[in-house]
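The structure appears below as structure tokens.
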Amino acid sequence: MSKYVGAPGSTMSRREFLAATGGAGLVGLAGCTAPTNTDPNAAVGGEGPVASTSDGALPYTSPPEVVNVDEQGGSVTLKSVPARHAVHPLETMGGPVEFPQVWAFQADDGAPSVPAPILRTTEGTDMEVTLDNTDGMRPHTLHFHGARKAWKDDGVPTTTGIRVDPGEKHTYTIPANVPGTHLYHCHYQTHRHIDMGMYGIFRVDPKGYERADKEYFMTVKDWDSRLPRQMAGEDVSYNPRERAPDVFTINGKSAPRTLHPEDGSPIIVERGDLVRVHYVNGGYMSHPLHIHNHRFQLVEKDGGVIPEAARYDMDVTNVAPAERHTVEFTADADPGIYLMHCHKVNHVMNGNFYPGGMLSAVVYKEAMQSDIFSELMTYAGYEE
């Protein structure tokens with residue numbers, strides 16, 4: 001679990017969260033049962049889990065952490081770790097949804113996660129990233145979007161001749177010379193390795209960067225659950241040319257787990273906050289991302305700053321594969337709980353169950369002592 005509550009980038013502690021909720025409401029619901037798959041008020045239709053469970057041999061992933069590479073002297077080590085990935089672990093709202101095997105990235109001595117750890121640095125520095133594949137079972141590489149780098153550091157084995165085989169290490173020099181929010185991923189057998197979880201956010205803060213009152217990172221992804229099941233040894237047929245996504249996630253989780261304050265990614269705000277959200281699409285489909293009851297502006301795209309004269313208020317931004325959109329809004333709505341989701345509504349499902357999938361929420365701190373928030377925490381599986 002993260003030491004912070006909310007989506008990656010949050011600075012709210014668990015103690016602050018419990019104080020905001022009043023504690024008692026969550027304690028009172030901790031033993032309650034969330035709506036099950038047979039409850040018509042919880043979801044509509046369905047045929048059970050959309051991904052099978054594992055035999056228990058592998059550890060589970062943790063939520064992605066933000067790694068401040070500057071504080072580590074400009075260096076970080078990444079390794080790929082096989083793990084299980086609980087997308088939505090409860091028997092509610094189309095669950096459980098679990099990938100029996102993913103290839104999670106682990107930064108230094110941190111926990112393996114899907115998406116990978118968020119690597120954050122500052123414009124004008126060089127980042128030394130060591131890919132440690134000494135315990136690996138297959139070749140990997142690292143490719144960083146949003147950096148002008150030397151040819152040998154591009155991370156593509158077919159054009160650089162460099163790949164990191166099992167038992168090897170390799171260090172890439174990644175200059176932080178393009179400010180903005182970017183993507184990194186394995187570029188060996190890319191069509192499979194990204195779909196097994198080898199992708200993450202690379203953030204370069206501009207010199208003199210002024211953070212918003214609240215700042216969050218949100219990675220969306222579509223998955224064909226047959227691939228991680230096949231890689232775990234199940235007898236399923238998967239062809240990347242016939243990819244058929246059936247799982248849709250925000251920061252690796254599907255709703256209602258996305259609302260879990262420590263395992264999920266609620267956008268927690270207070271009235272009057274300037275809120276900045278960095279969207280990254282780690283999948284293969286476009287996702288029109290919509291926030292209820294708020295108008296936002298697109299201020300950055302793929303590391304390029306949108307001139308103020310070109311900005312306008314909107315409530316949907318369509319993020320294509322590998323694109324990065326940074327949006328800003330003021331938390332000026334009636335304090336409450338407002339959905340943030342993909343507007344391809346079949347992406348807001350777990351199997352045949354609605355709602356689920358690629359859905360989270362903007363949660364006002366002022367609304368955290370409400371009965372409906374306590375109910376949502378029960379759906380998400382949170383116990384104080």
Given the rule -39500 (n - 2.57) for each run of at least 4 DSSP H residues, summed and divided by the residues of the chain, what is its mean residue ellipticity at 222 nm, to the nearest 500 deg cm²/dmol? -2500 deg cm²/dmol
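Treating only the Cβ of Lys, Arg, Asp and Glu as charged (+1, +1, -1, -1), what charge dipole size does segment 256-334 show about its Cα centre? Round to the nearest 20 debye.
For segment 256-334, the charge dipole is close to 200 debye.
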Options (i) -0.99, -1.29; (ii) -0.75, -1.41; (iii) -0.85, -1.43 - which one matches log10 I(q)/I(0) by the Debye sum over Cα atoms at q = 0.11, 0.15 Å⁻¹ as calculated here: (ii)
Counting only C-alpha contacts under 8 Å and six or more residues apart, can you give the relative contact order of the chain as a whole percent? 19 percent
The chain, accessible surface, carbon-and-sulfur percent (1.4 angstrom probe): 48 percent
Solvent accessible area, Å² - His341, 1.4 Å probe, full protein context: 20 Å²
With the label point 7 Å along the Cα-to-beta-carbon line of Val305 and a cut-off under 16 Å to each amide N, the hits in segment 112-135 are 122-124
Does segment 278-376 come out rounded, prolate or oblate by the C-alpha gyration tensor, with a ≥ b ≥ c the root eigenvalues, rounded set by a/c under 1.5 and, if not, prolate when a/b is larger than b/c and oblate if not? oblate
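Using unit Cβ charges (K, R positive; D, E negative) and no other charged atoms, how large, in debye to the nearest 20, is the dipole of the chain about its Cα centre?
With only Lys, Arg, Asp and Glu charged at Cβ, the dipole is about 720 debye.
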By the gyration tensor of its Cα atoms, with a ≥ b ≥ c the square roots of the eigenvalues, what is the shape of segment 194-242: rounded for a/c under 1.5, prolate for a/b over b/c, or oblate? prolate
Cut-off under 5 Å, modelled amide H: who pairs with Ala361 long-range: Ile267, Met340
Projecting the Cα atoms of Ser10, Ala361, Pro64 onto the charge dipole of the chain, where Lys and Arg contribute +1 and Asp and Glu -1 at Cβ, the residue farthest towards the positive end is Pro64
Once the piece of chain linking His292 and Ala150 is laid out straight, how much longer is it, given 0.36 nm per residue of separation minus the C-alpha distance between them? 46.8 nm
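List the trypsin sites (Lys or Arg not before Pro) in segment 66-148 that DSSP assigns to loop (not H, G, I, E or B) and whose Cβ has at most 16 other Cβ atoms within 10 Å. Which are they? The partial results should precede the final answer.
Details: sites: Lys79, Arg84, Arg120, Arg148; in loops: Arg148.
Here the sparse-neighbourhood loop sites are Arg148.
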What does the accessible area of Ser80 come to, in Å² to the nearest 10, when a probe of 1.4 Å is used? 30 Å²
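With loop defined by DSSP as not H, G, I, E or B, and exposure as at most 14 other Cβ atoms within 10 Å, which is the longest segment of the chain clear of exposed chymotrypsin sites (Phe, Trp or Tyr not before Pro)?
Numbers: sites that count: Tyr209, Tyr312.
Longest run free of exposed loop sites: 1-208.
What accessible area per residue, rounded to a whole number of Å², is obtained for segment 159-275 using a probe radius of 1.4 Å? Walk me through the numbers on the way to the answer.
On the way: 4070 Å² over 117 residues.
Roughly 35 Å² per residue, with all protein chains present.
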Report the one residue of Gly74, Ile174, Ala116 whose Cα lies farthest in the direction of the positive end of the charge dipole of segment 53-201 (charges on C-beta: Lys and Arg +1, Asp and Glu -1; origin at the Cα centre). Ile174
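Note down the magnitude of the dipole of segment 277-384 about its Cα centre, charges +1 on Lys and Arg C-beta and -1 on Asp and Glu C-beta and zero elsewhere, to the nearest 20 debye. Working shown, then result.
On the way: 6 positive and 14 negative charges, 92 e Å.
Charge dipole, segment 277-384, about its Cα centre: 440 debye, nearest 20.
The values are calculated or read from the model by the stated rules, or taken from the named source; none is laboratory data. Just so it is clear, the structure is predicted and the values come from calculations on it, not from any experiment. Virtual Cβ from ideal backbone geometry, glycine too; neighbours counted across all protein chains shown. When the accessible area is computed, the model is the full protein with side chains, heavy atoms only, and any ligands, DNA or RNA have been set aside. Shrake-Rupley method; radii C 1.70, N 1.55, O 1.52, S 1.80 Å.
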